[in-house]
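First up is the structure itself, then whatever we jot down about it.
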Amino acid sequence: MELWFTEEHTDYAKFSFKVKKHLYSEKSPFQQVDFIDTYEFGKVLLLDGLVMVTEKDEFIYHDMITHVAMATNPEIKRVLVIGGGDGGTVRELTRYNTIEKIDMVEIDELVVKASREFLPLTSSKLDDERVTLYFEDGIKFVEDKENEYDLIIVDSTDPIGPGEGLFTTEFYKNCYKALSDKGILVNQNESPYYERDAKAMLRATGKLKKIFPIVEVYQFHMPTYPSGHWLFGFASKSLHPIKDFKPEEWKKFNLKTKYYNTEIHVGAFALPTYVKEMIEAGVK
Ligand code: SAM
């Protein structure tokens, strides 16, 4: 009997791939957590039935959520990761010996526990001595922080369920307060392609623009996310991701990256016309 996983990207578009084995299924207090082993994408983490991380394309997402900010401010020392339960974002951050502290605030301990078992590559650096894991709600965690971080990465699920509060004005204002003067916020910013994802992106980007002086959006190719055209937000108090970009400084880290490079750093911000116009027009 053939087993296929299907994710509904819209009411009229679905994405399916063939499954070797359903490896794990548990309901946490926050969400349904599943791992499946697949022919095309290797092991896949599903939260509430949605693709979060796959062995085959996680390198793209975790490169682009970390290295763009690090190449804009190579002096980043104190990092906060909100979400990121699979550990891939933390793994990339620990490659910088200049980073002194990484706090990871993941609401669901079950995601970390299961990722350690089924995604050993992405979760491989969660025990780095600079990493502190907090199994708490990231929304509350930032409420009382002031000038504590140089970089905040919101590696969250979509703006539904536990992740919904990570796309609010109040949360972004608390992140602004928690950041240093050269602080950068990178947020999971959905996609411009399907209507539901585009509306979420426009809402998040519009809120950030009211709080941060510098707000840009950058893109990357993510095969297993709806439409494959995925975005991160880049919000900063004083550093611009292109004007202040330091490619030569970044190259001195000598990091071998499979997706990120200093050319794609610039190219990622060259958005298609329809996306630029959508962002300029703002949320309807
Ligand atoms: N790369 C994936 C993506 O872009 O969809 C997401 C990475 S990770 C699996 C997302 C994590 O955010 C999940 O583990 C989820 O438990 C966590 N999360 C959701 N809401 C949260 C909150 N309010 N505070 C902390 N973590 C949260």
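What residue among LEU46, PHE35, PRO120 has its Cα farthest toward the positive end of the dipole of the stretch 1-159, where the charges are +1 on Lys, Arg and -1 on Asp, Glu, each on the Cβ?
It is PRO120, whose Cα lies furthest towards the positive end.
Within a Cβ distance under 14 Å of TYR194, other residues only, what is the Lys/Arg minus Asp/Glu net charge?
After counting each charged neighbour, the total is -4.
If one computes the Cα centroid of the stretch 186-203 and of the stretch 220-284, what distance in Å separates the two points?
14
Sort 127-138, 58-69 for me by packing, meaning the mean count of neighbouring Cβ atoms within 10 Å per residue, highest on top.
Ranked by mean Cβ neighbours within 10 Å, highest first: 58-69, 127-138.
Give me the log10 of I(q) over I(0) for the stretch 1-73 at q = 0.13, 0.16, 0.19, 0.22 Å⁻¹, as the Debye formula computes it from C-alpha points; what are the numbers?
-0.48, -0.67, -0.85, -1.01
Per-residue counts of other Cβ atoms within 10 Å, averaged by peptide: what ranking do you get for 109-117, 179-187, 235-243, highest first?
Packing order, densest peptide first, comes out as 179-187, 109-117, 235-243.
Would you mind working out the magnitude of the charge dipole of the chain relative to its Cα centre, with +1 at each Lys and Arg C-beta and -1 at each Asp and Glu C-beta, to the nearest 20 Debye?
Magnitude of the dipole: close to 660 debye.
Determine the sum of side-chain charges near LYS18: Lys and Arg each +1, Asp and Glu each -1, restricted to other residues whose C-beta is under 13 angstrom from that of LYS18.
Every neighbour counted, the sum reads -1.
Determine the sum of side-chain charges near GLY161: Lys and Arg each +1, Asp and Glu each -1, restricted to other residues whose C-beta is under 11 angstrom from that of GLY161.
-4
Sort 6-12, 162-168 for me by packing, meaning the mean count of neighbouring Cβ atoms within 10 Å per residue, highest on top.
162-168, 6-12
Taking the alpha-carbon distance from LYS140 and a cut-off under 20 Å, which aspartates and glutamates remain once sequence neighbours fewer than 8 residues away in the same chain are dropped?
LYS140 reaches ASP103, GLU106, ASP108, GLU109, GLU148, ASP150, ASP155, ASP158, GLU164, GLU170.
Eigenvalues of the Cα gyration tensor times 5, then square-rooted: what semi-axes does that give for the stretch 118-193, in whole angstrom, largest first?
Working from the Cα gyration tensor, I get semi-axes of 21, 19, 13 Å.
Might you tell me the accessible area per residue for the stretch 58-282, computed with a 1.4 Å probe and given in Å²?
40
Sum -39500 (n - 2.57) across every DSSP H segment of at least 4 residues in the chain, then divide by the residue count to get the 222 nm mean residue ellipticity, nearest 500.
-8000 deg cm²/dmol
If N is the number of residues in the stretch 58-282, what value comes out of its Cα radius of gyration divided by 2.2 N^0.38 Å?
0.93
Expressed in nm to one decimal, what extension gain is obtained for the pair ASP128 and LYS14 from 0.36 nm per residue of sequence separation less their Cα-Cα distance?
37.2 nm
Where the accessible area of the chain is counted over protein heavy atoms with a 1.4 Å probe, how much of it, in %, is carbon and sulfur?
The C+S portion of the solvent-accessible surface of the chain is 51 percent.
First check a/c for the stretch 159-261, with a ≥ b ≥ c the square roots of the eigenvalues of its C-alpha gyration tensor; if it is under 1.5, answer rounded, and if not, answer prolate when a/b is larger than b/c or oblate otherwise.
Oblate shape, in that a/c is at least 1.5 and b/c is the bigger or equal ratio.
The values are calculated or read from the model by the stated rules, or taken from the named source; none is laboratory data. Because the structure is a prediction, the values reported are computed rather than measured. Here the Cβ is made from the backbone with ideal geometry for all residues, glycine too, and neighbour counts use every protein chain on show. When the accessible area is computed, the model is the full protein with side chains, heavy atoms only, and any ligands, DNA or RNA have been set aside. Shrake-Rupley method; radii C 1.70, N 1.55, O 1.52, S 1.80 Å.
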